[in-house]
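The values are calculated or read from the model by the stated rules, or taken from the named source; none is laboratory data. A quick note: this is a predicted structure, and the numbers were derived from the prediction, not measured. Heads up, the Cβs are rebuilt from the backbone with ideal geometry, glycines too, and the neighbour counts pull from every protein chain shown. Areas reflect the complete protein model, heavy atoms only, side chains present, ligands, DNA and RNA absent. Shrake-Rupley method; radii C 1.70, N 1.55, O 1.52, S 1.80 Å.
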Amino acid sequence: MSLLEVRDVSAGYAGEDVVHEISFEVAHGEAITIIGSNGAGKSTLFRAVVSMLDGTDITSMPTYQISRRGLAYVPAERHLFPQMTVHENLLLGAFPDKPDRDREDFVFQVFPRLAERRKQDAGTMSGGEQQMLAVARALMSQPKVLMLDEPTTGLAPRLAREAYEALGRLRDAGLTLVVAEQQVPLALELASRGYVLENGRIELSGTTDELADNPDVQRAYLGVA
Ligand SMILES: Nc1ncnc2c1ncn2[C@@H]1O[C@H](COP(=O)(O)OP(=O)(O)OP(=O)(O)O)[C@@H](O)[C@H]1O
Ligand SMILES: [Mg+2]
């Protein structure tokens, strides 16, 4: 059964769609990826899905279904509060009426580096640490589904791998993940299924093994000549 099912979502700007009739679904405990290069429409799609679930309407009226709520979204820009500490940023991700030490302990366990730096201002953390903090803050709301838009943005290759290792731990702990990415090898390793977004349309989908074996995917996204 799908935990999140998106049907025929179209969205864009100034009345013009840049993503067209996108459908995808993710099952409970599954990790999926939406891969696509610059300008394919990944962020537009994510923002559209998130704003629909928030109840804010978007310009074109899509039909969609969601079986359950509880979605957290980490935008590529991260949107941390740089002059607030790690701990203060985390608290902002929790529901204000639900102070939750267990949850805090959980995220510090997933990201021990944040525990060491809980009193440091977020703006002085390294790029990789800020990425961890953005994910950790999203986890504070106890989401059922975590949507991440290009979690490797601005990270050197080693840190990008580390970020994906952390996502792998979350997947193994049973969290449902939807990851938009153009670092395709990492995303294909994390996820069990993927969708290829090109020019605002899903051109291909399948298991990540199938995608990794597909000559078009290899040429366009895996640097295979
Ligand atoms: N706020 C905006 N106003 C107008 N057009 C936009 C806006 N944001 C994105 N676009 C356009 O929509 C298209 C899809 O952009 P989008 O940011 O969704 O792509 P993306 O796949 O996330 O790319 P990237 O990998 O570079 O982040 C692009 O042509 C882009 O110029
Ligand atoms: Mg984007």
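Restricted to segment 2-27, and to residues there that are open to solvent by 10 Å² or more (accessible area, probe 1.4 Å) and of a type in the set (A, V, I, L, M, F, W, C), the residue that is nearest to the chain's Cα centre (by Cα) is Ala27. Every condition in (1) assigned to a loop (DSSP other than H, G, I, E, B); (2) in contact (Cβ under 8 Å) with a residue 12 or more places away in the chain is met by Val224 except one, and the failing one is (2).
Where residues in segment 166-203 are of a type in the set (D, E, K, R) and more than 14 Å from the chain's Cα centre (by Cα), which of them is most open to solvent (accessible area, probe 1.4 Å)?
The initial filter retains those residues of segment 166-203 that are of a type in the set (D, E, K, R), namely 169, 171-172, 181, 189, 193, 198, 201, 203.
Narrowing the set further to residues that are more than 14 Å from the chain's Cα centre (by Cα) leaves 169, 172, 189, 193, 198, 201, 203.
On the way: Arg169: 123, Asp172: 114, Glu189: 149, Arg193: 61, Glu198: 67, Arg201: 115, Glu203: 104 Å².
That would be Glu189.
The residues of segment 137-162 that are more than 12 Å from the chain's Cα centre (by Cα) and within 16 Å of ligand 1 (Cβ to nearest atom), listed by number, are Gly154, Leu155, Ala160. Applying a threshold of 6 Å to beta carbon distances and a minimum spacing of six or more residues, or different chains, the list of pairs starting in segment 138-160 at a residue that is farther than 22 Å from Gly194 by Cα and ending at one that is part of a strand (DSSP E or B) and within 14 Å of ligand 1 (Cβ to nearest atom) reads Ala138/Val74. Of all the numbered requirements in (1) outside the structural domain of Phe108 (by TED's automatic domain parsing); (2) more than 16 Å from ligand 2 (Cβ to nearest atom), Ala138 misses one, and that requirement is (1). Annotation: of all residues in segment 28-40 being farther than 16 Å from Lys144 by Cβ and open to solvent by 10 Å² or more (accessible area, probe 1.4 Å), the one that is farthest from ligand 2 (Cβ to nearest atom) is Ser37. Scan segment 39-56 and tell me whether some residue there is closer than 10 Å to Val6 by Cβ, modelled with pLDDT of 70 or more and among the hydroxyl-bearing types (Ser, Thr, Tyr). No, segment 39-56 has no match at all.
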